[in-house]
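So the structure is just underneath, and the comments pick up after that.
The values are calculated or read from the model by the stated rules, or taken from the named source; none is laboratory data. Predicted model only: the values in this text are computed from it and were never measured. Here the Cβ positions follow ideal geometry from the backbone for every residue, glycine too, while neighbour counts run over all protein chains shown.
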Amino acid sequence: MEITEVRIKLMEESEDRLRAFCSITLDNSFVVRDLKIIDGSQGPFVAMPSRKLTQRCHRCGMKNYIRSKFCNNCGARQRDNRHSRSDDTPNKLYADVAHPINQECRDMIQVRVITEYHAELERAKEPGYVSRYDDSYEVSAGEKAGADPNTRERVDAPQSASARPPHSSESREQSRSEPS
């Protein structure tokens, strides 16, 4: 696996430890967005994208963020389950959406992203600097034209069957009449 692109969005006026958001592209095929570059005690480090965890309201069953005081649906006061030992109530607030499975992968991401972060800090000093973070990831027609002719657009070959929708009544009638 190769990190083929890193995009950084600097957070200039952030009052907390968040210094930048980042997205990485793996093998020119897969994008992971919303990695965070945070000031740690030993310098900047990369935090994986995460989501805030939820728990169900005891009255209506609607999902609410953990540590919410009231239900967003029915307004019931939520129970404080922070010190609960039950398995269905996590004691953490966030869960990773994507994360490396081994230390080698984590180190590869960390080194590449922090290197690009420092380069982006230097680019930001130049006049007319604009972050590429929000640019589209779609491949343009010009890039497709110059692409390797050995690469294939599809993994499977298209079927040359009729243009009927696969679940139409005609296709069901035909499948019933055909011997199995």
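Looking at residue 50, is it out of contact with any Ser or Thr (no Cβ under 7 Å at 6 or more places or on another chain), hydroxyl-bearing (Ser, Thr, Tyr) and free of Cβ contacts under 8 Å to residues at least 24 places away in the same chain?
no
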Item to check | Filter result for residue 7 (within 16 Å of residue 113 (Cα to Cα) and at pLDDT 90 or above) | outcome: yes
Checklist entry - Of all residues in the range 1-36 being loosely packed, with under 14 Cβ neighbours inside 10 Å, among the aliphatic types (A, V, I, L, M) and assigned to a strand (DSSP E or B), which is nearest to the chain's Cα centre (by Cα)? => result 31
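From the list 72, 91, which residue is without any contact (Cβ under 8 Å) to a residue 40 or more places away in the chain, assigned to a loop (DSSP other than H, G, I, E, B), more than 24 Å from the chain's Cα centre (by Cα) and surrounded by 11 or more Cβ atoms within 10 Å (Cβ to Cβ)? I'd like the intermediate steps shown before the answer.
Working: 91 fails: more than 24 Å from the chain's Cα centre (by Cα).
So the residue among 72, 91 that is without any contact (Cβ under 8 Å) to a residue 40 or more places away in the chain, assigned to a loop (DSSP other than H, G, I, E, B), more than 24 Å from the chain's Cα centre (by Cα) and surrounded by 11 or more Cβ atoms within 10 Å (Cβ to Cβ) is 72.
Which of the residues spanning the range 101-123 are charged (D, E, K, R) and farther than 13 Å from residue 22 by Cα?
The initial filter retains those residues of the range 101-123 that are charged (D, E, K, R), namely 104, 106-107, 112, 116, 120, 122-123.
104, 106, 107, 122, 123 - these are the residues of the range 101-123 that are charged (D, E, K, R) and farther than 13 Å from residue 22 by Cα.
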Checklist entry - What is the one condition in (1) modelled with pLDDT of 90 or more; (2) within 26 Å of residue 16 (Cβ to Cβ); (3) surrounded by 13 or more Cβ atoms within 10 Å (Cβ to Cβ) that residue 62 does not satisfy? => result (2)
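Going by the conditions given, is residue 160 at pLDDT below 55 and either surrounded by 10 or more Cβ atoms within 10 Å (Cβ to Cβ) or not in a loop (DSSP other than H, G, I, E, B) (or both)? Give the steps one after another, and end with the answer.
Numbers: at pLDDT below 55: yes; either surrounded by 10 or more Cβ atoms within 10 Å (Cβ to Cβ) or not in a loop (DSSP other than H, G, I, E, B) (or both): no.
Taking the combined requirement at face value, the residue does not satisfy it.
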Checklist outcome for this item: With the first residue restricted to the range 5-33 and required to be assigned by TED's automatic domain parsing to the domain that holds residue 114 and farther than 16 Å from residue 120 by Cβ, and the second required to be among the charged types (D, E, K, R) and surrounded by 12 or more Cβ atoms within 10 Å (Cβ to Cβ), Cβ contacts under 7 Å at 6 or more apart or on different chains are 17/39
Item to check | Filter result for residue 44 (buried (at least 16 other Cβ atoms within 10 Å of the Cβ) and in contact with a helix residue (DSSP H, G or I) (Cβ under 6 Å, 6 or more places away or on another chain)) | outcome: yes
Checklist entry - Only one of (1) within 17 Å of residue 34 (Cα to Cα); (2) surrounded by 11 or more Cβ atoms within 10 Å (Cβ to Cβ); (3) of a type outside the set (Phe, Trp, Tyr) is not met by residue 107, so which one is it? => result (1)
